[in-house]
Structure formats: structure tokens, C-alpha cells
Ligand SMILES: Cc1cc2nc3c(=O)[nH]c(=O)nc-3n(C[C@H](O)[C@H](O)[C@H](O)COP(=O)(O)OP(=O)(O)OC[C@H]3O[C@@H](n4cnc5c(N)ncnc54)[C@H](O)[C@@H]3O)c2cc1C
């Protein structure tokens with residue numbers, strides 16, 4: 001008798017990367033379970049850009065369309081739940097979920113993304129993805145030539161500031177405390193009319209997430225149209241680490257050219273593996289992981305047939 005809880009592949013994370021992997025596997029006739037907690041990193045963003053055929057759509061529209069196409073393959077199941085534990089077993093892996101279900105899969109794919117850590121500044125989280133933005137390729141065109149801030153410090157502020165100079169010549173870097181930029185970097189930025197403000201920010205004044213101004217600890221106010229922010233993040237799921245998957249110095253899961261992690265049978269794609277955070281990149285990685293897992297399964301079945 002077939003155990004209904006046994007799958008060829010369990011995909012943890014059913015957003016862009018996970019769904020893309022699932023589509024390749026569904027088309028390869030594989031029995032797949034997608035477990036998804038429904039907590040996409042871009043869920044607060046009103047419009048998603050820079051993904052062909054879907055430019056300007058809401059993230060929800062894109063993922064709902066993707067999900068409807070993926071679950072139309074009859075070997076694919078989608079479960080809204082959170083995977084809390086993963087264990088290596090003789091014939092693959094066992095995943096336990098928050099609701100107490102246990103599933104077995106021959107292979108695992110993680111499309112679990114990352115969790116952005118908001119600074120302790122009133123209004124920051126409310127503006128995240130709306131007017132406090134992470135990437136000029138996703139949102140820079142919409143705020144081009146506007147009065148713009150960059151919330152960052154050190155080398156990353158220099159490199160990101162240089163990049164943003166392409167989109168606006170009205171740019172100020174807010175280090176929220178003492179600047180760690182070198183004298184040379186500060187001089188170069190100043191020569192391009194990019195100044196550095198070290199004052200501590202206590203609040204972002206906003207209307208429904210649209211930034212109006214930064215409020216500083218000393219009571220002063222700076223009006224702004226948009227604020228880019230480089231903030232820290234952590235892996236959304238600890239399961240890959242608990243299975244022994246290596247993590248690089250940037251905090252990303254290490255994968256090879258075919259999205260395979262350092263653990264046999266475990267693949268990963270999307271934001272959890274890559275600093276180039278975009279829907280297109282997540283879809284690419286998921287598609288590659290799906291095809292690579294399919295190829296491994298076919299090879300194993302062919303050998304033992
Ligand atoms: C504010 C913001 C705006 C953005 N705007 C754009 C844009 O305009 N254009 C663009 O191309 N890119 C944009 N991006 C980047 C893009 O959203 C990401 O690159 C993309 O969402 C990554 O897809 P992913 O599938 O890897 O992860 P995510 O979309 O973050 O999805 C991860 C999924 O895994 C689930 N999950 C995690 N852990 C578990 C678990 N243990 N069990 C079950 N489920 C789990 C989560 O609930 C979530 O559904 C934006 C990002 C941010 C933060």
C-alpha cells in the first residue's frame with residue numbers, strides 16, 4: 001500500500017522559488033508536496049517590477065497565478081503549514097510540521113527565503129517595501145530623480161550610494177550614528193554631491209507607508225520622497241542548517257550550479273541562496289533545482305528498475 005504521506009520531493013517554501021521548482025517537477029510526473037507558511041518577503045509591496053510579463057502587478061497577483069498553474073498538475077499538493085523539523089532517514093528525509101503532520105520525501109528543496117530584520121525605528125516596518133525600499137532595479141524607476149535617502153553605513157553604503165547615483169542626483173546617506181565610511185569614500189561621495197548625515201533616526205513620518213520625513217533624536221526633521229535601506233536578514237528556516245547544509249559568510253545557503261546544497265538530496269533556490277534578491281532570480285533557481293532533482297530521481301529509478 002502506498003503511504004499517502006510519501007513524496008518524491010518535499011518543497012519547503014511555496015513562493016516564487018518553490019513554485020517554480022514544483023512546476024518543473026510536476027511536468028516530470030513527480031509526486032510533490034509543497035509546504036508553505038505564506039510569509040513572502042515582498043508581501044507588503046504594492047507593485048512588483050522587473051519580472052518579464054508581470055511588470056507592475058502586485059506580488060499577490062503573481063504568486064496566486066503561479067500557484068494556480070502549479071497545482072493544476074495532479075501530482076502536486078500544496079499545504080499551508082510551517083515545517084519545523086527535518087531529519088535524514090534511510091530512504092530520504094522526514095519533515096514535521098507545526099500542525100503535527102509528518103511527511104517523507106526522497107529529496108528536499110528549500111525555497112524558504114530570508115527574514116528581513118527591521119531596525120528599531122518607529123514607522124520603518126510600516127514603510128518597508130512601499131517607500132523604504134531594498135533594490136533600485138525593483139523600485140528605483142518609480143522614484144527616479146526624487147529626494148532620496150540611503151539608510152546604510154560603511155563600505156556597503158559607499159557601494160550602494162554609488163549605484164543609486166544612477167537613479168537620482170539628490171541623494172543623502174543616513175548612517176544613523178557615527179559614519180564608518182573612510183575619509184576617501186566620504187570625499188568621493190561629496191564630490192558627487194552625496195552627503196552623509198550621522199544623526200540618529202527615531203522615527204519615519206509616513207502616510208500609509210509613504211514616507212514623508214525622517215525625525216532625528218535631536219528633534220530635527222528631513223523631508224524625503226524615498227529611502228533605500230540595507231538591513232540585516234536571517235535565514236527564514238533553520239532546517240537546512242540542522243540537516244548540515246553549509247552556509248556562506250554572507251548567511252546564504254551554499255549551492256552549486258544546479259542548486260544542490262552541500263548535503264546529498266537537498267537543494268535550495270531563491271533568496272535563501274542568493275544576494276541578488278529578485279522574483280526572476282528566484283524563479284530561475286527554482287526551475288534549475290526542479291530539473292536537477294528530477295534528473296537525480298530519474299537516474300536512481302533507472303538504475304534500480
Ligand atoms: C520589500 C521587498 C520588495 C521587493 N520587490 C521586488 C520587486 O519589485 N521585483 C522583484 O523582482 N523582486 C522584489 N523583491 C525580491 C523578491 O520578493 C524576492 O527575491 C523573492 O520573493 C524571493 O522568492 P523566494 O521564493 O526565494 O522567497 P519568498 O518569496 O520570501 O518566500 C519564502 C516562502 O517560504 C515560506 N517559508 C519559510 N520558511 C518556511 C517553513 N519553515 N515552512 C513553510 N514555509 C516556509 C515563507 O512563508 C514564504 O512563503 C522584493 C523584496 C522585498 C523584501
Only one of 86, 56, 18 is in the same structural domain as residue 255 (by TED's automatic domain parsing) and in a loop (DSSP other than H, G, I, E, B), namely 56
All conditions in (1) in contact with a helix residue (DSSP H, G or I) (Cβ under 9 Å, 6 or more places away or on another chain); (2) within 16 Å of the ligand (Cβ to nearest atom) are true of residue 155 except (2)
Sole miss for residue 249 among (1) in contact with a strand residue (DSSP E or B) (Cβ under 8 Å, 6 or more places away or on another chain); (2) away from the ligand (no atom under 16 Å from the Cβ); (3) not assigned by TED's automatic domain parsing to the domain that holds residue 161 is condition (1)
Checked pairs for region 15-36, first away from the ligand (no atom under 14 Å from the Cβ), second assigned to a helix (DSSP H, G or I), C-beta under 6 Å and 6 or more apart or across chains, list as 24/287; 24/290; 24/291; 25/290; 25/294; 28/294; 32/22; 32/25
Screening 68, 72 for residues that are modelled with pLDDT of 95 or more, away from the ligand (no atom under 13 Å from the Cβ) and over 30 Å from residue 142 (Cα atoms) leaves only 72
By residue number, the members of region 72-85 that are closer than 22 Å to residue 20 by Cα, within 22 Å of the chain's Cα centre (by Cα) and surrounded by 14 or more Cβ atoms within 10 Å (Cβ to Cβ) are 78, 79, 81, 82, 83
Considering region 90-123, residues that are closer than 15 Å to residue 233 by Cα and touching a strand residue (DSSP E or B) at 6+ places or on another chain (Cβ under 9 Å), and then whichever is farthest from the ligand (Cβ to nearest atom), we arrive at 119
Do we find a residue being outside any loop (DSSP other than H, G, I, E, B) and at negative phi anywhere in region 43-50?
no
Exactly one of 203, 178 is in contact with a strand residue (DSSP E or B) (Cβ under 9 Å, 6 or more places away or on another chain) and surrounded by fewer than 18 Cβ atoms within 10 Å (Cβ to Cβ), and that residue is 203
Of the residues in region 131-143, those that are within 8 Å of the ligand (Cβ to nearest atom) and surrounded by fewer than 21 Cβ atoms within 10 Å (Cβ to Cβ) come to 134, 135, 137, 138
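The values are calculated or read from the model by the stated rules, or taken from the named source; none is laboratory data. These numbers were taken from a predicted model, which means no experiment stands behind them. Methodologically, a virtual Cβ is constructed for each residue, glycine included, from the backbone with ideal geometry; neighbour enumeration extends over all protein chains shown.
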